Amino acid sequence: TVISVDLSNRPYDIHVRAGLLADIGSVLAPYARDSRLLVITDENVAQAVLPKFEAALRSAGLSSAQFILPAGETGKSWAQLEQLTDWLLEQHVERSDHIIALGGGVVGDITGFAAHIIKRGCAFVQIPTTLLAQVDSSVGGKTAINSAAGKNLVGAFHQPSLVLIDPELLSTLPTRQLAAGFAEVVKYGLIDDAPFFDFCADNLDSFFAGSPDIRAQAIIRSVQSKARIVAADETERTGTRALLNLGHTFGHALEADTGFSDRLFHGEAVAAGMALAFRYSVRMGFCPAEDAERVTELLKQAGLPTSLSEAGVSAEGAALVDYMRHDKKMSAGTLPFLLARGIGQTFLSNDVALDDVAAFLDSEV
Ligand code: NAD
Ligand code: ZN
């Protein structure tokens with residue numbers, strides 16, 4: 001399946017196919033210089049995926065030079081960016097070269113940013129290896145690194161020239177990482193696609209058991225949603241793209257409270273955040289209680305947290321709301337909030353009173 005991201009100036013394709021990695025050599029051949037590719041990856045992916053990737057390149061007469069980042073968020077630091085850009089320059093990267101990001105969101109984010117700044121802009125190809133990266137971070141062109149002031153505050157919009165997704169790469173991904181990515185899959189159903197939410201609910205067991213067909217379908221439908229929303233609002237100007245933040249305002253507060261650590265993965269925080277956004281929508285009289293219960297139930301079945309306590313957060317509502325007040329999206333004293341009239345009916349509200357959110361969070365525990 002090929003999905004086109006319809007950007008006015010630079011459209012690009014996303015290929016989704018089980019087994020794509022096995023013939024990645026022929027797909028990447030046009031992007032090699034002197035039969036060589038520049039590949040950025042991390043320690044875990046270097047173990048789990050790189051040997052197969054290299055074998056596939058060899059069978060097409062190609063090879064790669066690799067830069068291996070430490071796994072996890074520390075891979076997205078200024079220090080790593082300096083080493084990575086130095087390495088690319090040592091490799092005599094040229095503006096016509098395509099840099100390859102082989103890994104999860106961390107690898108994709110720092111590689112995309114490095115590509116954006118090296119020689120004032122090189123092209124890059126995304127080969128996402130986590131579910132989160134396949135359905136979310138590899139599509140849309142946001143790139144970033146972390147800095148002392150917080151996550152993703154230094155970055156740029158830089159669209160890849162190609163995204164290659166092989167659902168089979170998920171076979172080595174730890175289940176907890178798979179579940180975290182699944183939260184973002186469910187998100188697309190909750191935003192504006194109720195039938196897809198039903199698909200997720202009906203096929204949850206097959207998805208986690210590894211059914212290639214169900215995994216491919218879930219990824220394709222998610223990528224189509226993200227591509228459509230991004231094409232409507234490439235650089236976050238009109239507000240359409242804000243829909244992708246469903247569950248993220250609550251989620252971000254939970255991540256902040258747990259110190260953005262492995263205690264709570266991003267996708268886990270988003271799961272709890274979406275359940276909270278639905279229950280808050282019920283409290284506001286927008287959403288039937290039954291829909292909020294279905295959301296909570298599905299996320300629970302996926303092994304995801306759906307409440308403050310399940311997320312390991314014991315902070316008071318006022319403290320959590322304080323994190324929200326520092327949100328990038330806060331402007332002129334109000335914070336746009338994503339609420340729902342039901343599953344598949346998310347909307348942006350500018351009338352949410354943060355004091356009321358704090359009271360709601362206290363009533364939750
Ligand atoms: P990640 O890149 O840290 O990967 C999670 C873990 O899985 C890592 O330990 C990694 O080494 C390992 N891994 C990756 N692929 C594997 C495989 N196939 N088999 C075994 N292990 C594997 O995390 P992530 O969840 O992919 O991405 C999170 C990052 O993405 C965050 O930094 C976040 O800010 C960013 N992000 C960016 C966007 C965007 O639009 N650019 C959107 C969402 C998230
Ligand atoms: Zn997210």
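The values are calculated or read from the model by the stated rules, or taken from the named source; none is laboratory data. Note that the structure is predicted; figures quoted are calculated from it, not measured. A quick note on method: Cβ atoms are made from the backbone with ideal geometry, for glycine too, and the neighbour counts reach across all protein chains shown.
Is it fair to say ALA272 is touching a Pro at 6+ places or on another chain (Cβ under 6 Å) and away from ligand 1 (no atom under 15 Å from the Cβ)? First the steps, then the outcome.
Working: touching a Pro at 6+ places or on another chain (Cβ under 6 Å): yes; away from ligand 1 (no atom under 15 Å from the Cβ): yes.
Yes: the conditions hold for ALA272.
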Practice prompt. Tally the residues that are of a type in the set (Asp, Glu) and under 26 Å from GLU82 (Cβ atoms), restricting the search to region 1-55.
Written response: 2
Discussion item. Looking at region 8-29, I want the residues that are without any contact (Cβ under 8 Å) to a residue 60 or more places away in the chain and have a partner that is surrounded by fewer than 18 Cβ atoms within 10 Å (Cβ to Cβ) and part of a loop (DSSP other than H, G, I, E, B) with Cβ atoms under 7 Å, at least 6 apart or on another chain. Which pairs are those?
Written reply: GLY25/ALA60; SER26/ALA60; ALA29/ALA60
Item to complete: Check region 142-155 and report whether any residue there is at negative phi, assigned to a helix (DSSP H, G or I) and either more than 16 Å from ligand 2 (Cβ to nearest atom) or not charged (D, E, K, R) (or both).
Response: no
Fill in: Filter result (touching a helix residue (DSSP H, G or I) at 6+ places or on another chain (Cβ under 8 Å) and without any contact (Cβ under 8 Å) to a residue 12 or more places away in the chain) within region 220-273
ALA232, ASP233, GLU236, THR238, THR240
Item to complete: Take region 169-190 and flag every residue that is within 11 Å of ligand 1 (Cβ to nearest atom), crowded, with 24+ Cβ neighbours inside 10 Å and small (Gly, Ala, Ser).
Response: ALA180, GLY181, ALA183
Worksheet item: Regarding LYS76, is this residue farther than 30 Å from ASP213 by Cβ, charged (D, E, K, R) and within 16 Å of ligand 2 (Cβ to nearest atom)?
Response: yes
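Mind listing whichever residues of region 56-95 are basic (Lys, Arg) and under 24 Å from the mean Cα position of the chain (by Cα)?
Result: LYS76, single match.
Check every one of the helices (runs of 4 or more DSSP H) wholly within region 191-273 and list those with 1 or more residues that are surrounded by fewer than 17 Cβ atoms within 10 Å (Cβ to Cβ) and charged (D, E, K, R).
It comes to 194-202, 204-209, 212-232.
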Fill in: Segments classed as strands (runs of 3 or more DSSP E), wholly inside region 4-115, with at least 2 members that are over 22 Å from ALA144 (Cα atoms)
12-16, 36-42, 63-69
Worksheet item: Can you find even one residue in region 301-314 that is outside any helix (DSSP H, G or I), modelled with pLDDT of 95 or more, over 27 Å from the mean Cα position of the chain (by Cα) and surrounded by fewer than 16 Cβ atoms within 10 Å (Cβ to Cβ)?
Response: no
